[in-house]
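One structure is given here, and the rest of the page talks about it.
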2 protein chains.
Amino acid sequence: MEEMTRTMEFEALQEMLSERRYRELKDALAEMNEVDIAEFILEQPAEKAVLLFRMLPKEIAADVFSNLESDVQETIIASITDFELREIMDDLFVDDAVDMLEELPSNMVKRVLKNTAPEDRKLLNQFLRYPDDSAGSIMTAEFIDLKETMTVEDAIKRIRRIGEDAEMIYTCYVTDSRRHLIGVVTVKDLLLAQDDDKVIDLMEEDVMKVSTQTDQEEVARMFSKYDMLAMPVVDNENRLVGMVTIDDAVDVLEEEATEDIQKMAGQLPSEKPYLRMGILETVKKRLPWLMILMISATVSGKILQNFEAAFVAIPMLVTCIPMLMDTSGNAGAQTSASIIRGLALKEVQTRDILKIVWREIRVSLCLGICLAAVNYIRLMIMFPHHYLESLVVSITAVAAICLANLMAGIMPIFATKIHLDPALVATPIITTVADALALISYFMIAKALLPI
Amino acid sequence: MEEMTRTMEFEALQEMLSERRYRELKDALAEMNEVDIAEFILEQPAEKAVLLFRMLPKEIAADVFSNLESDVQETIIASITDFELREIMDDLFVDDAVDMLEELPSNMVKRVLKNTAPEDRKLLNQFLRYPDDSAGSIMTAEFIDLKETMTVEDAIKRIRRIGEDAEMIYTCYVTDSRRHLIGVVTVKDLLLAQDDDKVIDLMEEDVMKVSTQTDQEEVARMFSKYDMLAMPVVDNENRLVGMVTIDDAVDVLEEEATEDIQKMAGQLPSEKPYLRMGILETVKKRLPWLMILMISATVSGKILQNFEAAFVAIPMLVTCIPMLMDTSGNAGAQTSASIIRGLALKEVQTRDILKIVWREIRVSLCLGICLAAVNYIRLMIMFPHHYLESLVVSITAVAAICLANLMAGIMPIFATKIHLDPALVATPIITTVADALALISYFMIAKALLPI
């Protein structure tokens, strides 16, 4: 229902735009949610996007801007005046400004910084130095800090005074005179207390916090585990420098899940939505792994070549190759997906490796025996009287599944141990290695049991 | 660093537990975060888990309880007295109680409901009737409702009065005398306004809301898109019945990503962490797709069988089979992963199908030509003088990649159209179909160009 009404709303806007009913369009935009306006702008060609952006009321322009993709942000910055740019920069939260600056070409970064108020510029320059993917790169500087000596009344007064510019007012941090983080107090705590209660008595001193260098995924994982709305970020001397808010943590979780899915499918990760990525860019993300895997498949080819004599003797063996390769590859993909996701969610640790091996051996034997039994019956129907050959294929199925699952269980753990992303060794590599293992066991078992 | 200190903390607790220093242990637990306590309890065998749970201070017992896995919750309920159970049920939020009841065996559900206060029991019974995976099943009943006639002062007084029991106080809903949802106002709005301002003037009337029947993934997606902290849930007559909070939305997003990853790897979805799932349960989740795919691989086998004559004539063709099957399977997996994730994130819609086809044709040609060129060189080195055979393999590579990518682009869209989960048709099916397509094109091209 939601989707339907929005589609209709967009169609009405599109009509006003193409019929140049700009006054009407302007009024309609002023009524809309910033996220939806951004989505509508993103659907338009460049010059229309700029036109629409300029129609927005000043109060929401910065909010809409922070929801646009970086290529459209670039187009807009290139087309607006320094005065307009200055207004946007005044209203943008630091984390959104940093996001934008990270993607802009350097000549534009210069122009943007030139049109930023000096104190904000200093902050932006500092924030831009934090590593990509660190807590520093996603934090905001607009938080509320309180002193421990304040009463609840003082604290609420301060929130009322500076709350307008803060990105999140509900979690407030208590700092000492040298800006060291010494406690956290929520607006809920303050509201439920008496006016003359002291902040020092209400605050939680055991504050969960991260450093500017902490990996953003780790930060996001803490949000989801501890159900927080905000997380303070401190520097090496425990001085409060920023705050990560739940909305940014959610974005990180979504991005990381997307990246893991991309990597597990053998693509280089990309933040751009599928339809907004250029053809050549798409090719660049997909080609490397395809190339590496194609070349590695030479190994399986070589193995097949070495057993040519066997094909000629018993062609039935050849017809079972796709089944054996696919089944072991699929089994390995199941296992590696479980382990990789488990590692990402911290449900599995590297120290669990022996547990994993023992689990996978038992699971593989159960799976292998079920599949081999059904397969034997299938082969008996398709190739009557080939008892021994069918037995070879079925034994191979069990062996190949065991090998594939063991490898798929161990490799992501091993990758984590040597500080590689486990998602990188996923499905494609597993499939390629599983293929080679399946073929080798196939022909070894065939050689042992058949007269070839 | 965080992880390190926690591991050390856990080791200290473990020591106290095994040395039966219970008083010390009790004090240590009282200092800890509920989520960490739950994690520590989950690492223990059943009888120790119950012992630990009983040591907890009353104020945090319900919070810890709601963070436990359902099997441990069941053990605990089975071992505590009705009085203890009643205390927990009094403190649990409705959404956590519903989560628990959904997993418990029916005789235990009866006992739990018997020990719940009558008004809560009525609510629980109502909530249990909402479909699994709906907004109704994840919402909480503990929200703050205001009247439009209230002043800011009245509103804040009401929040202070009923805020203690509410799960989230920062988003308040305005209802009329018949409980219809007419507006939303945040604590930020209230704090930044004057004491005698009226709620009616502050509230946003265009409320984003969902119905009890809305799919939980759609709800969660709205949170991540619109950066909300809470979402009101209404019944068919627009009466406010509950509220979904951001922490539950984050859990849903994580669960859905995990499920998609599992489905894309050909497993039936499961909510249990890898290491907590039984062996037979794991087999049950993995076997169905492996079986279906194994049987489907018969098709590829049959195709190979039909071209037996060609193998015998030119064995080099056989050695290239794994490479062609793997490459087309891998290419297809890349494409389907992109489309499936795009659909989940609403970045791709079913109406984009022609755009997808056109994109994938261009991407496939670029990828295919690069890979075929490298492959031709590789074959020329490994099999000198087999110019024509190498050409056949390379042309097949281009064709197979195009076919695999087109199929992988279209199938998830088609699945969505017929209301199937696109993640179900992912990697495993794509790989199997891509294999068959690769083999068919291989031998058709070989037949056309080679004397076989």
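Taken together, the values in this text are just the output of simple stated rules run on the coordinates, not laboratory data. Please read these numbers as outputs of a predicted model, since none were measured by experiment. All Cβ positions, even for glycine, are placed from backbone atoms using ideal geometry, and neighbour counts span all protein chains on display.
A few remarks follow.
- Computed over region B:128-216, the quotient of the alpha carbon radius of gyration and 2.2 N^0.38 Å is 1.15.
- Neighbouring partner chain Cβ atoms per residue of B:291-297, average, 10 Å criterion: 6
- By the count of other C-beta atoms within 10 Å, a proxy for reagent exposure, A:V50, A:V210, B:V35 are ordered fewest to most as B:V35, A:V50, A:V210.
- Close amide H pairs (under 5 Å, H built 1.01 Å from N) link B:S134 with B:Q216, residues at least 5 positions away or on another chain.
- The amide H of A:I144, built 1.01 Å from its N in the peptide plane, has A:Y173 as neighbours under 5 Å, considering only residues 5 or more places off or on other chains.
- Across peptide B:161-171, the average count of Cβ atoms from other chains found within 10 Å of a residue's Cβ is 2.
- Charge sum, other residues only, whose C-beta stays under 14 Å from B:D235's C-beta, Lys/Arg counted +1 and Asp/Glu -1: +4
- Pseudo-label separations to other copies for B:M208 - Cα-to-Cβ vector, 7 Å, nm: 2.4
- DSSP-defined beta bridges in chain B - what % are antiparallel, rounded to 5: 75
- The string of couplings for region B:283-294 from the Karplus curve (6.51, -1.76, 1.60, θ = phi - 60°) is 4, 4, 6, 9, 4, x, 5, 4, 5, 4, 6, 4 Hz, one whole number per residue in order, with x for Gly and Pro.
- Amide H within-cut-off set for A:G183, under 5 Å, with H built and near neighbours excluded: A:V174
- At R0 = 30 Å, FRET efficiency that the Cβ-Cβ distance of A:L354 and B:A46 yields, to 0.05: 0.85
- Debye equation applied to the C-alpha atoms of region B:274-449, log10 I(q)/I(0) at 0.08, 0.11, 0.15 Å⁻¹: -0.30, -0.54, -0.89
- Normalised by 2.2 N^0.38 Å, where N is the number of residues, the C-alpha radius of gyration of the protein assembly as shown stands at 1.04.
- Taking the C-alpha atoms only, the angle from helix B:94-103 to the longest principal axis of chain B is near 50 degrees.
- Between helix B:2-18 and chain B there is an angle of about 60 degrees, using the helix long axis and the longest principal axis of the Cα atoms.
- Averaged over peptide B:241-250, the number of partner chain Cβ atoms lying within 10 Å of each residue's Cβ comes to 3.
- Alpha-carbon radius of gyration plus Dmax, which is the widest Cα pair, for chain B in Å: 29.6, 94
- Ratio of Rg to Rh for region A:196-260: 1.06 [Cα atoms; Kirkwood radius as inverse mean 1/r over pairs].
- Euclidean distance between Cα centres, region B:11-50 to region A:248-263, Å: 33
- Other-copy label distances relative to B:L128, 7 angstrom Cα-Cβ extension, nm: 6.0
- Pair-distance distribution P(r) for region A:248-358, from all Cα-Cα distances in 10 Å bins starting at 0: 11, 27, 29, 22, 9, 2, 0 percent.
- Rotational relation A to B, axis-closest Cβ in chain A, residue and distance rounded to whole Å: A:A257, 2
- Here, region B:2-129 has an Rg and a Dmax of 15.2, 46 Å when only alpha carbons are counted.
- Whole-Hz ³J(HN,Hα) from phi, Karplus 6.51 cos²θ - 1.76 cosθ + 1.60, for region A:156-162, glycine and proline x: 5, 4, 5, 4, 5, 6, 9
- Loop-resident trypsin sites (Lys or Arg not before Pro) (DSSP state other than H, G, I, E or B) in region B:14-84 with no more than 11 further Cβ atoms inside 10 Å of their Cβ: B:R20.
- Of the peptides A:102-110, B:74-82, the order by per-residue mean of other Cβ atoms within 10 Å, starting with the highest, comes out as B:74-82, A:102-110.
- Near B:T116: Cβ cut-off under 14 Å, other residues only, Lys/Arg at +1 and Asp/Glu at -1. The net charge is -2.
- The fraction of all Cα pairs in region B:354-412 landing in successive 5 Å bins from 0 to the largest distance is 4, 21, 25, 17, 13, 10, 7, 4, 1, given as whole percents.
- A point 7 Å from Cα along Cα→Cβ stands in for A:D154, and the other copies hold the same point at 3.4 nm, listed in rising order.
- Other residues within the sphere of radius under 12 Å centred on the Cβ of B:A423, judged by their own Cβ, net out at -3 (K and R +1, D and E -1).
- Antiparallel bridge percentage (DSSP; both residues within the protein assembly as shown; nearest 5): 75
- Counting neighbouring beta carbons within 10 Å and listing from fewest to most, the residues B:H386, A:H385, B:H180 come out as A:H385, B:H180, B:H386.
- Likely footprinting exposure, A:I156, A:I418, fewest C-beta neighbours within 10 Å first: A:I418, A:I156
- Antiparallel DSSP beta bridges within region B:144-260, percent to nearest 5: 70
- Listed values for region B:345-352 are Karplus-derived 3J(HN,Hα) couplings in whole Hz (6.51 cos²θ - 1.76 cosθ + 1.60, θ = phi - 60°), namely 8, 6, 7, 10, 10, 4, 5, 7, and x replaces Gly and Pro.
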